[in-house]
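Trainee: Here it is, the structure, as structure tokens.
Coordinate-derived values only; no laboratory data. Nothing here was measured: the structure is a model prediction, and the numbers come from that model. Neighbour counts are summed over all protein chains in view; Cβ atoms, including those assigned to glycine, are modelled from backbone coordinates with ideal geometry.
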Amino acid sequence: IKMAALTRLSQALLRSPLTQSRRQLSAAAAGHGEQAARTWKILTFVVALPGVAVCMLNMYLKEQSHTHEQPEFVPYTHLRIRSKRFPWGDGTKTLFHNPHVNALPDGFEGHNE
């Protein structure tokens, strides 16, 4: 008996004017969603992608004018501390060692005195 009453109540609520107005508002919001998606699509192609292209061009031009000289080696005591050897290679180079950028404890490779 309780289940039948609950079913009738839920059906009555589904037919209520309040539920109908919510459905209409939901339908109106769906149209707004399509317009918002169209706006963001236009903004992506007109603003975002050209902005990324300008930033990439700026970075490329700055990199072309940049000199690629090694910085002077300064043997700071708090940098490049090796308390034990690395388990690969000769034990002094880090795993992703770049000889043009990363100095060893006694200086850059090929420039050791």
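Trainee: Exactly which chymotrypsin sites (Phe, Trp or Tyr not before Pro) in segment 57-88 are in a DSSP loop and have at most 13 other Cβ atoms within 10 Å?
Mentor: When the chymotrypsin sites (Phe, Trp or Tyr not before Pro) of segment 57-88 are filtered for loop state and at most 13 Cβ neighbours within 10 Å, TYR76, TRP88 remain.
Trainee: In Å and on Cα atoms, what radius of gyration and Dmax does segment 50-113 show?
Mentor: Every Cα atom of segment 50-113 included, Rg and Dmax give 16.9, 50 Å.
Trainee: By how many nm would the segment from LEU6 to ILE81 lengthen if fully extended, with 0.36 nm per residue of separation less the alpha-carbon distance?
Mentor: 19.5 nm is the gain from fully extending LEU6 to ILE81.
Trainee: Fully extended, how many nm does the chain gain between TYR60 and PHE108 (0.36 nm per residue separation, minus their Cα-Cα distance)?
Mentor: Gain in length upon complete extension: 14.6 nm.
Trainee: Students often forget the sequence filter, so: which lysines lie under 27 Å Cα-Cα from LYS84 once same-chain residues fewer than 8 apart are removed?
Mentor: Answer for LYS84, where 27 Å is the Cα cut-off: LYS93, listed by chain and number.
Trainee: Additional query: Within the P(r) computed for segment 40-87, what percentage of the Cα pairs occupies the region above 12 Å?
Mentor: On the way: 871 of 1128 pairs.
Cα-Cα pairs of segment 40-87 separated by over 12 Å account for 77 percent.
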